[in-house]
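Note sheet for the following structure.
The values are calculated or read from the model by the stated rules, or taken from the named source; none is laboratory data. Owing to the predicted nature of the structure, the values given are computational and were not obtained by experimental measurement. Don't worry about glycine lacking a Cβ; one is built from the backbone with ideal geometry, like all the others, and counts go over all protein chains shown.
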Amino acid sequence: MFEPTDKPRVFALPCGVDFPRALVDGLMHRSQGQSSDALARVELIVNTDRMYRRVNTLFDSGPALLLPRLSLLTTIGAHKLPRALPSLRRRLELSQLVAKLLDAQPDLAARSSLFDLADSLAELIDEMQSEGVAPQVIRELDVSDMSNHWSRAQKFIDIADDFLSQHDHPVDTQARQRQIVLNLIEEWQESPPQHPVILAGSTGSRGTTLMLMQAIARLPQGAVILPGFDFDQPDNVWRGLDDPMISEDHPQFRFHRLMRDLDLSPQDIQRWTNDPAPSTARNRLVSLAMRPAPVTDAWMSEGPKLSDLDQATTDVTLVEAASPRAEALAIALRLRQAAETGQTAALITPDRMLTRQVSAALDRWDILPDDSAGQPLQLSPPGRFLRHVAELFCKPLTGDALLTLLKHPLTHTGDERGTHKKNSQDLELFIRDKGIPFPDSEKFEQFAARHAITPGWVDWLSKQFVDQHVAGSLQLAAWVKRLVDLAEAIAAGCQSCGSGILWDEKAGLEARKVIDTLTAEATHGGSMKAREFADLLNAILAQGVVHDYNAPHGRIMIWGTLEARVMGADLLVLAGLNEGSWPEPAKPDPWLNRALRNQAGLLLPERRIGLSAHDFQQAIAAPEVWLTRSVRSDEADSVPSRWLNRLCNLLDGLPGQGGPQALTHMRARGQTWLDWADAIETPTPIPMATRPSPRPPVHARPRRLTVTEIPRLIRDPYAVYAKHVLRLRPLNPLVQAPDALLRGIVVHEVFEKFIRDSVDDKDLLTADALLNLSEALLEQHVPWPTARRLWWARIKRIAGPFITSELARRATCHPVSFEAKGEIQLDPLDFSIVCRADRIDIDDRGFLHLIDYKTGEPPSEKKQIKFEKQLLIETAMVTVGAFTNFGPAEVARALFIGLGSTLKEIPAPIDKEPPEKVWAELRKLIETYFDPNQGFSSRRMLHLDTDHGDYDHLARFGEWDRSAMPEPETLT
């Protein structure tokens, strides 16, 4: 197939050429005129599964002939060596080594990073095996002038070396692959194959692959075919790529290294076929834009020679969106047009969040793209379910954790799923209503007593969800069994056995495979705590992928950056072109810094950037290209990708060749699509809501209010309307927090019980007794340790002053009633006022003293006169006998006691606001709201604009402000 030559045989294809198709066409062309089995004697090695499938598809499309022996780079000679150590087993064993290191040196990293460190160590070992770097090299690195961190990391790598030496066969896939290649090379040196051996599609980014490429290129009938070779790059630029410290991020660096090792020049690289690039002018432009930083001065000399910039940029569109959402929608619109016109289009980006946004936008037109990356298993329903179950082991059961699992679509799928959902909804309302932060069996029984529940459901709830928290350590095998048993029981439900549909469908089968693998290797995992097990499970599930598509669109695809070289498409959208996204930043290496890596002969962090640069150079050479980015992301300005920045700067600096105009046209084409995206997103104008002031029928208006609701009627009548006329109640939060309301309830109970007990035993009227009682009641009612201590500390701060003031009160009066109920009717209005007085004292003259506890700021005298009339109304109610235990009586004093961070006593101005005046004003207020023309205006007299009301969203507050006039609306 090939003519004899003294030099290694290396072919290449330029950027933009459909590599698999050109590969097949070249093989067909070279086999013409030869025997019928000439093609069958070819051994063709490709580097990825997708390349393998595409080449097979092209051969299958005809004509009928004997096909070459097609194999993957990772499977050559696989039968000659034993299997590598399972990756999970190695990961578990390494994690135990990392755990020992963290136990010995806790300052090295957080315990939560255990499995991330194990993964990074495994990657380092892989790289050492692939690049042929012996552990001895790492041990001998000079770290004398570096921080102690690198010295400790160096010692830990020694521990990993000991781990490697304990295995008598290749530990990992990379070590096994390198040994296979070394065996092949040794075999070929003794008996070189005489049939054609071709390796196609690899860039030689790994040391093992590079070594194989060099060996194949030297075979009598061997050849290497490179993808995306820059035939336009001058010799002086090729020579400038010698130093990896400054050149490894260049797209052609790997090809330069291959040529250098084979003693070839760029002129020795032959074209595999004569297929032209879709745009040779664009390839020249991008080649110049991507020059290494030390030689970018070539822009000044070579830039003026680019005379065809219009041709180079005709089919290039630049989209610079205001936000990722706008970027995604513009891309979706273009992909939709491609689907309608029959174009093959592919979105290429490493930004998975952006691909999800594009997929969501396409869903509105029922277009399901073929996403090659699939969905991470941890985000699939079974993955999320297993992670939620594992979280039950990590901490006591909370209401949100319980309902998260109860509402999961895989819970209780064995039988009676509909009844389970109804029970779960009722339980949620019960938890919200009672404010239960930590549900338990007792609370479930209380719930069952109030609702008609499926038999066995509450028992199932208690058995599977309560007391699952494990404080100690268990062996990994025990954790896995516990996880599987509990997950299957929750999935089956209370009426069934088995596992429901947990392991069904593609995602379930993939999850089952992961769990089976974890079970098989669990003996190597050692002992761990619940949190460590949950982190391990999450990390393992994150590596799984689910391809669970139902008839995706055949022409709209989402690819990773590597796949740009595998499949041809009419349109490529290169999206997310911002620094930190494309290229992705180099991952931090906790073991070796950049200088040490260079000393050891390992790959520099810039290798990934160089590979991404090569992917970009290939993809931008497609027939039609979109370049997209968002100007802002996460509330901050973004930085354009270095390659896009170079391209724009180069064009902008060539005014003599029309560069700025070409760039303007690229942006104008993108802006057209952004305008269309804005048009789609622009909502239909809706008139802003007016300030509501509903006027319900008089018979529907409230006939009964508490004294604490009178200030609300004065300040925010709409809230009274929503609560008593519409009968709406705010839904309590699911996650009960130690908020001001709970603190008020508990503190009221503390002081009520303390004063009540001290009436019978005056010896209890001490600060110590108050603090002891506070501690007991806080322990009973407040399940949050931090809140308990803070609230107890506040009580301790005011305990002394409170006892002093209480002793002074006891000198003249003594408590006689607590939480006393009072009610009176305003005749002839048919309206009742009710109240519950915190505390009523009586003095020797028979006069009453009203006391109200406030955990917040007590209202000032001015506020009481205008708005906060609670004690004034209670005083008036006492004078007319609203409290049945006392009858009509005279009030000597009404007092607010503030139980905040400091003790405050604010008396009610009963002398300035006598009961007669209070009754007159109250009657006038109520009569006003019995007038059919009086509306319940929203936020009528709130103290501050920032004050929040429970019904502000219902009143559409925000579409109007306090300057807006209320708009009465008569209701029927």
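Observations, loosely collected:
- Of everything in segment 647-689 that is surrounded by 11 or more Cβ atoms within 10 Å (Cβ to Cβ) and among the polar types (S, T, N, Q), the residue that is nearest to Glu302 (Cα to Cα) is Gln657.
- Test result for Phe896, of a type in the set (Phe, Trp, Tyr) and at pLDDT 90 or above: yes
- Among residues of segment 706-739, those that are surrounded by 13 or more Cβ atoms within 10 Å (Cβ to Cβ) and within 23 Å of Pro968 (Cα to Cα), counted: 19
- Residues located in segment 838-848, provided they are closer than 20 Å to Val750 by Cα and not aliphatic (A, V, I, L, M): Asp838, Arg839, Asp841
- Note on segment 896-915: residues that are surrounded by fewer than 19 Cβ atoms within 10 Å (Cβ to Cβ) and aliphatic (A, V, I, L, M) amount to 1.
- Looking across segment 322-348, the residues that are on the phi < 0 side of the Ramachandran plot and outside any helix (DSSP H, G or I) come down to Ala322, Ser323, Gln343, Thr344, Ala345, Ala346, Leu347, Ile348.
- Restricting attention to segment 859-868, the residues that are touching an Asp or Glu at 6+ places or on another chain (Cβ under 8 Å) and assigned to a loop (DSSP other than H, G, I, E, B) add up to 1.
- Checking Gln267 against (1) assigned to a helix (DSSP H, G or I); (2) more than 23 Å from Val17 (Cα to Cα), the condition it does not meet: (2)
- Scope segment 597-608; condition crowded, with 20+ Cβ neighbours inside 10 Å and either modelled with pLDDT of 80 or more or in the same structural domain as Ser205 (by TED's automatic domain parsing) (or both); matching residues: Arg597, Leu602
- Tally, over segment 844-854, of residues that are surrounded by 15 or more Cβ atoms within 10 Å (Cβ to Cβ) and either assigned to a strand (DSSP E or B) or modelled with pLDDT under 90 (or both): 7
- Test: residue in segment 583-595 that is touching a residue at least 40 places away in the same chain (Cβ under 8 Å), surrounded by fewer than 21 Cβ atoms within 10 Å (Cβ to Cβ) and under 30 Å from Asp232 (Cβ atoms): yes
- Restricting segment 178-202 to residues that are polar (S, T, N, Q) and over 26 Å from Val24 (Cβ atoms), the residue that is surrounded by the fewest Cβ atoms within 10 Å (Cβ to Cβ) is Ser191.
- Hits in segment 775-819 (condition: of a type in the set (Gly, Ala, Ser) and either at pLDDT 90 or above or farther than 28 Å from Phe847 by Cβ (or both)): Ala776, Ala787, Ala793, Ala799, Gly800, Ser805, Ala808, Ser817
- Counted residues, segment 325-378 - those being out of contact with any Leu (no Cβ under 8 Å at 6 or more places or on another chain), of a type in the set (D, E, K, R), over 28 Å from Glu635 (Cα atoms) and in contact (Cβ under 8 Å) with a residue 24 or more places away in the chain: 2
- Checking each residue in segment 413-433 for being free of Cβ contacts under 8 Å to residues at least 12 places away in the same chain and either touching a His at 6+ places or on another chain (Cβ under 7 Å) or over 14 Å from Trp457 (Cβ atoms) (or both) picks out only Leu429.
Per-residue answers, yes or no, for (1) at pLDDT 90 or above; (2) β-branched (Val, Ile, Thr); (3) closer than 27 Å to Ile431 by Cβ; (4) over 39 Å from the mean Cα position of the chain (by Cα):
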position	(1), (2), (3), (4)
Ala719	yes, no, yes, no
Leu728	yes, no, yes, no
Leu734	no, no, yes, no
Pro738	no, no, yes, no
Leu741	no, no, yes, no
Asp761	no, no, no, yes
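- Cβ separations smaller than 8 Å between residues 6+ apart or across chains give the following pairs from segment 769-791 residues that are surrounded by fewer than 13 Cβ atoms within 10 Å (Cβ to Cβ) to residues that are in a helix (DSSP H, G or I): Glu779/Arg788.
- Condition met for Trp559 (under 30 Å from Asn645 (Cβ atoms) and hydrophobic (A, V, I, L, M, F, W, C)): yes
- Ile620 vs. criteria β-branched (Val, Ile, Thr), assigned by TED's automatic domain parsing to the domain that holds Gly568 and either more than 20 Å from Met128 (Cα to Cα) or modelled with pLDDT under 80 (or both): yes
- In this entry, Lys7 passes the filter for residues that are touching an Asp or Glu at 6+ places or on another chain (Cβ under 9 Å) and surrounded by fewer than 19 Cβ atoms within 10 Å (Cβ to Cβ).
- Helices (runs of 4 or more DSSP H) completely within segment 198-262 that count 1 or more residues being in contact with a Leu (Cβ under 7 Å, 6 or more places away or on another chain): 207-217, 244-247, 253-261
- Selection within segment 57-82 - more than 14 Å from Ala200 (Cα to Cα), under 39 Å from the mean Cα position of the chain (by Cα) and either outside any loop (DSSP other than H, G, I, E, B) or in contact (Cβ under 8 Å) with a residue 60 or more places away in the chain (or both): Thr57
- Residue match in segment 460-468 (condition: charged (D, E, K, R), over 30 Å from Gly525 (Cβ atoms), assigned to a helix (DSSP H, G or I) and assigned by TED's automatic domain parsing to the domain that holds Leu502): no
- Residue within segment 28-42 that is outside any loop (DSSP other than H, G, I, E, B) and touching a helix residue (DSSP H, G or I) at 6+ places or on another chain (Cβ under 7 Å) present: no
- Every condition in (1) surrounded by fewer than 14 Cβ atoms within 10 Å (Cβ to Cβ); (2) on the phi > 0 side of the Ramachandran plot is met by Met941 except one, and the failing one is (2).
- Those residues of segment 180-231 which are farther than 23 Å from Pro20 by Cα and small (Gly, Ala, Ser), in sequence order: Ser191, Gly207
- Residue identified as farther than 25 Å from Asp308 by Cβ and either surrounded by fewer than 18 Cβ atoms within 10 Å (Cβ to Cβ) or not assigned by TED's automatic domain parsing to the domain that holds Leu650 (or both) among Arg291, Arg254, Arg284: Arg254
- Within segment 203-216, tally of residues that are among the hydrophobic types (A, V, I, L, M, F, W, C), farther than 15 Å from Gln177 by Cα and surrounded by fewer than 21 Cβ atoms within 10 Å (Cβ to Cβ): 0
- Scanning segment 459-518 for residues that are surrounded by fewer than 19 Cβ atoms within 10 Å (Cβ to Cβ) and basic (Lys, Arg) gives Lys463, Lys481, Lys506, Arg512, Lys513.
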